[in-house]
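Reading through the structure tokens given below for one structure.
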Amino acid sequence: MEETKGFRFSITELNQRCDRIVNSFNRDLNEFINYGYTAETATALEADNTTLKNFLSDEYYQGLLQMATKEKNDIKEGLLSNLVDLRNRYRLCYGSSSVDYKLLKLAKVALLSDEETVQKALHTCQVCEMRLDVLNSRM
């Protein structure tokens, strides 16, 4: 059977256990000294416990992650909206059956992953920059 290293209780419980140990240590300092512990041991343990207590909770960081994901999704949604608008303007300039329109390759752009969307946007910018004179008629 494999032995699990670490502990199987919450950080809060670890803090509470540490507080109890530090209190016991300070109360029974003379007994602990007989076992080779010093006053610095309690001080170091208390400092580590205080550091651990000052960390923000996992829920806080999960909230930050959710906020960042929402921001990313909002940006992607705006980019997709701009790509679809540009595709429509491009089609009006060149026609839907033209080779120039097919060069954009913006069909099913809403189904692309984040990385593919960025690559498609870069490709679209490169294609459109070469045709700005014609596209200016459609703003």
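The values are calculated or read from the model by the stated rules, or taken from the named source; none is laboratory data. Please read all numbers here as calculations on a predicted model, not as lab measurements. Note that we place each Cβ from the backbone using ideal geometry, even for glycine, and neighbour counts take in every protein chain shown.
Tyr101 passes every criterion in (1) surrounded by fewer than 11 Cβ atoms within 10 Å (Cβ to Cβ); (2) within 20 Å of Ala121 (Cβ to Cβ); (3) among the hydroxyl-bearing types (Ser, Thr, Tyr); (4) at pLDDT below 90 apart from (1). Per the listing Lys70, Lys76, the residue uniquely among the basic types (Lys, Arg), surrounded by fewer than 11 Cβ atoms within 10 Å (Cβ to Cβ), within 30 Å of Leu122 (Cβ to Cβ) and out of contact with any Phe, Trp or Tyr (no Cβ under 7 Å at 6 or more places or on another chain) is Lys70. Of the helices (runs of 4 or more DSSP H) contained entirely in region 1-101, those carrying at least 1 residues that are under 30 Å from Ser137 (Cβ atoms) fall at 58-94.
When Arg91 is tested against the conditions (1) crowded, with 16+ Cβ neighbours inside 10 Å; (2) within 36 Å of the chain's Cα centre (by Cα); (3) at pLDDT 85 or above, the lone failure is (2). From the list Tyr37, Tyr61, the lone residue that is modelled with pLDDT of 90 or more, on the phi < 0 side of the Ramachandran plot and surrounded by 10 or more Cβ atoms within 10 Å (Cβ to Cβ) is Tyr61.
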